[in-house]
Amino acid sequence: MSEKTYIYEYGRDELDELSDIELKAFKKASRLNDKMLDLKILIDEIDYDWGEYLDFLEEEKISKICEFRGDQCIEFDDELLNAIVNTLKKSLNDTNKSINYNHKKIGLNRVLDG
């Protein structure tokens, strides 16, 4: 039998040979891994959506970058624009803090490597 590197390399027969605690650890790790993969997909989608949103702002001349480039911005409610900017900044900062907090909390290499 070859040495396994990842949990997805284990087949049904090999899982049947695991002790109860080993199987429990395997299942918990598998569920956690699935969530991490879902999160990666979601982050990729958010990254794409951010790019689309920034392109939209630039194309519609809503973004202040138009003024920076010497173009004229369209009339747009400043209160609404500030509310949009503040909301997105807060969400981005809150998400970043959560990711950083959890990374430190887990202490990845120390905890996972034993």
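The values are calculated or read from the model by the stated rules, or taken from the named source; none is laboratory data. No experiment lies behind these values; they were computed from the predicted model shown. FYI the Cβ positions are ideal-geometry reconstructions off the backbone, even for glycines, and counts take in every protein chain you see. Side chains included, ligands, DNA and RNA excluded: accessible areas come from the protein's heavy atoms. Shrake-Rupley method; radii C 1.70, N 1.55, O 1.52, S 1.80 Å.
Any idea what the dipole of the chain comes to, in debye rounded to 20, about its Cα centre with Lys/Arg Cβ at +1 and Asp/Glu Cβ at -1?
Its charge dipole is roughly 860 debye.
Would you grab the residues whose amide H sits under 5 Å from the one on Ser63? Only those 5+ places off in sequence or on another chain, please, with H modelled 1.01 Å from N.
Sorted by chain and number, the residues that satisfy this are Glu58.
For region 1-88, run through the GluC sites (Glu not before Pro) and keep only the ones in DSSP coil with at most 11 other Cβ atoms within 10 Å of their Cβ.
Answer in residue order: Glu3, Glu17, Glu75.
Just check the chain against the gyration tensor rule for me: Cα atoms, a ≥ b ≥ c as the square roots of the eigenvalues, rounded for a/c under 1.5, and otherwise prolate or oblate depending on whether a/b exceeds b/c.
prolate
How far apart, in nanometres, would the label points at Leu32 and His103 be if each is projected 7 angstrom from Cα along the Cα-to-Cβ direction?
Taking the two extended label points, one gets 1.8 nm.
As a test question: what accessible area, to the nearest 10 Å², does Asp16 have when a 1.4 Å probe is rolled over all protein chains in place?
110 Å²
In region 32-63, which residues have a backbone nitrogen under 18 Å from the label point lying 7 Å from Leu81's Cα in the Cα-to-Cβ direction?
In region 32-63, the label zone of Leu81 (backbone N under 18 Å from the point 7 Å along Cα→Cβ) covers 53-63.
Tell me the relative contact order for the chain as a rounded percent, counting alpha carbon contacts under 8 Å between residues six or more apart.
9 percent
Can you give me the solvent accessible area of Ile62 with a 1.4 Å probe, rounded to the nearest 10 Å²?
That residue has around 20 Å² of solvent-accessible surface.
May I ask you to evaluate 6.51 cos²θ - 1.76 cosθ + 1.60, the Karplus curve with θ = phi - 60°, for each residue of region 50-55 and list the ³J(HN,Hα) values in order in whole Hz, giving x for glycine and proline?
4, x, 4, 5, 5, 4
Can you run phi through the Karplus equation (6.51, -1.76, 1.60; θ = phi - 60°) for region 14-21 and list ³J(HN,Hα) in whole Hz, with x for Gly and Pro?
Once θ is set to phi - 60°, the couplings for region 14-21 become 5, 5, 5, 8, 6, 6, 4, 5 Hz.
Out of region 8-114, which chymotrypsin sites (Phe, Trp or Tyr not before Pro) are coil in DSSP terms and have no more than 14 other C-beta atoms within 10 Å?
Tyr10, Phe76
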